[in-house]
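What follows is a single structure, written as structure tokens, with notes after it.
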Amino acid sequence: MALTKGEVEEIKNSIRKDFEIKDLGEVRHIIEYATEILMEMGMLNCSTKPTLMVEKWKHDDQSPKLNAEKKKIYHSAGMKLAYLANNTRPDMSFTVNTLAQY
């Protein structure tokens, strides 16, 4: 079911009455950004799997080490995913931001 722009604005105005919301524009921008991240990481054709985060997980000296190049790639991906999660999936923000620290 497609909505007209007027109907979308009506829904957003209704939500604004009870919640503070931020309009990020058309979804196309967000999908393009997510696709760009997946392409960069070579994961465009990956399939999803529910994965729980370990409670009270701590990074330690026994964790695998990354070379400088892989650290840069991991950090870049983490920051991009954090931006995406913070703006579109608050339920995933904690996990993504925790992982982005390392």
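For helix 68-88, report the angle its Cα long axis makes with the longest principal axis of the Cα atoms of the chain; keep it between 0 and 90° and round to the nearest 10°.
With rounding to tens, the tilt is 20 degrees.
So if I take the alpha carbon set of segment 1-82, get Rg, then get Rh from the Kirkwood formula, what is the Rg over Rh ratio?
1.12
Given a 1.4 Å probe, how much area per residue of the chain is accessible, in Å²?
Per residue, the chain has 90 Å² of solvent-accessible surface.
Tell me the GluC sites (Glu not before Pro) within segment 21-81 that lie in a loop according to DSSP and have at most 12 other beta-carbon atoms within 10 Å.
GLU26, GLU55
For the cross-link pairs LYS22/LYS56; LYS49/LYS71; LYS56/LYS80; LYS22/LYS80; LYS58/LYS80; LYS12/LYS80, which exceed 30 Å when the distance is taken from alpha carbon to alpha carbon?
The pairs that break the limit, which is 30 Å between Cα atoms, are LYS22/LYS56.
Of the heavy-atom accessible surface of the chain (probe 1.4 angstrom), what whole percent is carbon and sulfur?
58
Take every Cα pair under 8 Å in the chain that's 6+ residues apart, average their separations, divide by the length, and report that relative contact order as a whole percent.
Once divided by the residue count of the chain, the mean separation gives 22 percent.
Which residue, ILE15, ILE31, ILE73, has the most motion in a Gaussian network model of the chain that connects Cα atoms within less than 10 Å?
In the Gaussian network model the winner is ILE15.
Nearest 10 degrees is fine. How inclined is helix 27-40 to the longest principal axis of the chain, computing both from alpha carbons?
Helix 27-40 sits roughly 20 degrees off the main axis of the chain.
Helix 5-16 against the longest principal axis of the chain: what's the angle in degrees, Cα atoms only, rounded to the nearest 10?
Once rounded, the angle reads 70 degrees.
Given springs between every Cα pair under 10 Å in a Gaussian network model of the chain, which of HIS75, HIS29, HIS59 has the largest fluctuation?
HIS59
Could you compute the longest span of the chain free of trypsin sites (Lys or Arg not before Pro) located in DSSP loops and having at most 10 other Cβ atoms within 10 Å, not counting the site residues? Can you show the working numbers first?
Working: sites that count: LYS17, LYS22, LYS56, LYS58, LYS65.
Answer - 66-102.
The values are calculated or read from the model by the stated rules, or taken from the named source; none is laboratory data. All of these numbers come straight from a predicted model, not from anything done at the bench. Every residue, glycine as well, gets a Cβ built from its backbone with ideal geometry; the counts of neighbours run over all protein chains shown. We work out accessible area using only protein heavy atoms, side chains counted, and drop any ligands, DNA or RNA first. Shrake-Rupley method; radii C 1.70, N 1.55, O 1.52, S 1.80 Å.
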